[in-house]
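**Q** I'd like to ask you about the structure that follows.
The values are calculated or read from the model by the stated rules, or taken from the named source; none is laboratory data. This structure is a prediction, so every number in the text was calculated from the model and none was measured. Glycine gets a Cβ as well: all are built from the backbone with ideal geometry, and neighbour counts include every protein chain shown.
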Amino acid sequence: MGCSKSQLLVVLLLSLAWLVPAWGEDKEAQVEEGVVEEEEEDVVSDELLEEEGVLVLHQHNFERALREHRLLLVEFYAPWCGHCQALAPEFTRAAGILKNDSAGLRLAKVDAMEETDLSAEFGVTGYPVLKLFRDGNRTHPIDFTGTRDAEGIVRWMRRKAGPSTELLQDEASAQEFIASQDVVVVGFFKVRGLVGRSRGSAQGFYEVASDAVDVTFGVSNRTELFQKYSVTPDTVCLFKKVRGGGARHLLGLNKEELSRFIGLHSLELVMEFTSQNSPKIFGAKILNHLLLFINKTLEPHLEILGSFRAAAPPFRGQVLFVLIDVNGEGAQVLQYFGLKSHEAPTMRFINIETNKKYPLSGSELANSTHSPSLSPQPHLMSEEVPEDWDKRPVKVLVGKNFEQVAYDETKNVFVKFYAPWCTHCKEMAPVWEELGEKYKDHENIIIAKLDATANEIVNLTIRGYPSLHYFPAGPDRKMIEYKSARDLETFSKFLENGGMLPAEDTQPVVSRVPGLQRATA
């Protein structure tokens, strides 16, 4: 039978009406099964945005930032980090200053909590970390070594950008240069093309000059200047103003020795603890510090400062003399030493590697001017024992009751060493309370905590918070540092196995603590 065109059109439309829903349903099923993607993922832009002059970087625009900026100082930060929050306004102020420079110097920041791939790539484990990227080189960033204030950041960046030394071409310019600062360093080299990228024997000198941004460096290849200052080629000379005239020190070209010597002699004999000086004090690589606590508004205290300065010269390079003004920025140091402002004037000696602190009287200082060796016993901070220290599931330990509790031969004692301001400590606190509640009725297990910022234990240095240490029962005075998972289940497993975990878990570190004799201040 024949079929008209109109009939054929009707059949086709009916067929399509039947097929289209089925096709649509099949596509929806495919989308649900992940076979068909309805739309492409959005591509993240590599656009460079900024906040208050600071470039905001992530993994998609990081490479572009390196290409477009010759020198780029990047801060890796954590939003919750107090040190990062303190640095932020200084970093912003420095960014505003440098943005107007013509040398292509920019500052940028990376949220290390969000950009975990970038953090891993550059080995960022603490915050804040500042790294300088030069000429797009991504594989060899330079660690920031300047002071962490706006002026220090700007000074460091400008030193990295331009010539690190001033070329001295005649006697007049050399004399003017040497007289311009309290400390200057001059390199005498018998080579051409000294300013700019250095080669040969001058290489280490230029590298030191690039890093030591607080010291002024000069360089010369003029024979008449060699004769004027009685030096031979490839010699470094440090000129320093001192009372009654000047001093000159001839140095070799060993980079490490040169850096240490310049750093040492660029420090004042007595350094006052301030936010500006703090990086210099801790960057001096002198482990022994003698601190004088005074109130600078009181005349009798200032007289003591004179004697303190007079005692410093024989100790240069071995002991760093530090002034703490309890009426100024130094007040923040008092708590670290367990002192009150009314106890000034007083002195403390500390080895910053072992964290051992010693009280030191004026007579002991006077007797020690020919030798830096000290004889007093370490001074250990301790709060008073709270009356209710053992009334709650988690016992409260201080320096004065730690010995009798932790080394009780009949008890297994698990101690959390914490800092009140520590975010990680606060996060772990509920779990530690649960642990205390779980074992509160066990006769031979004690769960305890100790504020390590206010209490010190001899032969035990706490380097991070929270630190967990287990002191098993018995006469051997063992101490086990716990380094495994910090949850109730793993803690319980550790305790119920006598301070041990199964082989698949991280094993603790065991050490033996020698007999203790508590010292008094």
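**Q** Is it the case that segment 101-117 has a residue that's surrounded by 18 or more Cβ atoms within 10 Å (Cβ to Cβ), part of a helix (DSSP H, G or I), modelled with pLDDT of 90 or more and out of contact with any helix residue (DSSP H, G or I) (no Cβ under 8 Å at 6 or more places or on another chain)?
**A** Checked segment 101-117: no residue is surrounded by 18 or more Cβ atoms within 10 Å (Cβ to Cβ), part of a helix (DSSP H, G or I), modelled with pLDDT of 90 or more and out of contact with any helix residue (DSSP H, G or I) (no Cβ under 8 Å at 6 or more places or on another chain).
**Q** Mind listing whichever residues of segment 447-473 are within 22 Å of the chain's Cα centre (by Cα) and among the small types (Gly, Ala, Ser)?
**A** Result: 452, 454, 464, 467.
**Q** Oh, and also: Restrict the check to segment 456-463 and report whether at least one residue is surrounded by fewer than 18 Cβ atoms within 10 Å (Cβ to Cβ), at pLDDT below 95 and farther than 17 Å from residue 398 by Cα.
**A** Yes, segment 456-463 has at least one match.
**Q** Does segment 63-77 contain any residue that is at pLDDT below 85 and either more than 24 Å from residue 154 (Cα to Cα) or among the small types (Gly, Ala, Ser) (or both)? Steps first, answer last, please.
**A** Keep residues of segment 63-77 that are at pLDDT below 85, which gives none.
Among the residues of segment 63-77, not one is at pLDDT below 85 and either more than 24 Å from residue 154 (Cα to Cα) or among the small types (Gly, Ala, Ser) (or both), which makes the answer no.
**Q** Specify which of the listed residues (258, 194, 225, 253) is at pLDDT below 75 and touching a helix residue (DSSP H, G or I) at 6+ places or on another chain (Cβ under 6 Å). Working first, answer last.
**A** Working: 258 fails: at pLDDT below 75; 194 fails: touching a helix residue (DSSP H, G or I) at 6+ places or on another chain (Cβ under 6 Å); 225 fails: at pLDDT below 75.
Selected residue: 253, the only one of 258, 194, 225, 253 that is at pLDDT below 75 and touching a helix residue (DSSP H, G or I) at 6+ places or on another chain (Cβ under 6 Å).
**Q** Additional query: Can you pull out the residues in segment 211-228 that are crowded, with 18+ Cβ neighbours inside 10 Å and over 24 Å from the mean Cα position of the chain (by Cα)?
**A** Those that are crowded, with 18+ Cβ neighbours inside 10 Å and over 24 Å from the mean Cα position of the chain (by Cα): 216, 217, 218, 219, 220, 221, 225.
**Q** Return the total of residues in segment 350-402 being over 31 Å from the mean Cα position of the chain (by Cα), at pLDDT 70 or above and of a type in the set (S, T, N, Q).
**A** 1
**Q** So is residue 36 in contact with a helix residue (DSSP H, G or I) (Cβ under 8 Å, 6 or more places away or on another chain), at pLDDT below 50 and among the hydrophobic types (A, V, I, L, M, F, W, C) or not?
**A** On the way: in contact with a helix residue (DSSP H, G or I) (Cβ under 8 Å, 6 or more places away or on another chain): yes; at pLDDT below 50: yes; among the hydrophobic types (A, V, I, L, M, F, W, C): yes.
Spelling it out, residue 36 is indeed in contact with a helix residue (DSSP H, G or I) (Cβ under 8 Å, 6 or more places away or on another chain), at pLDDT below 50 and among the hydrophobic types (A, V, I, L, M, F, W, C).
**Q** Output the number of residues of segment 92-122 satisfying the condition of being within 13 Å of residue 74 (Cβ to Cβ) and without any contact (Cβ under 8 Å) to a residue 12 or more places away in the chain.
**A** Number of matching residues: 1.
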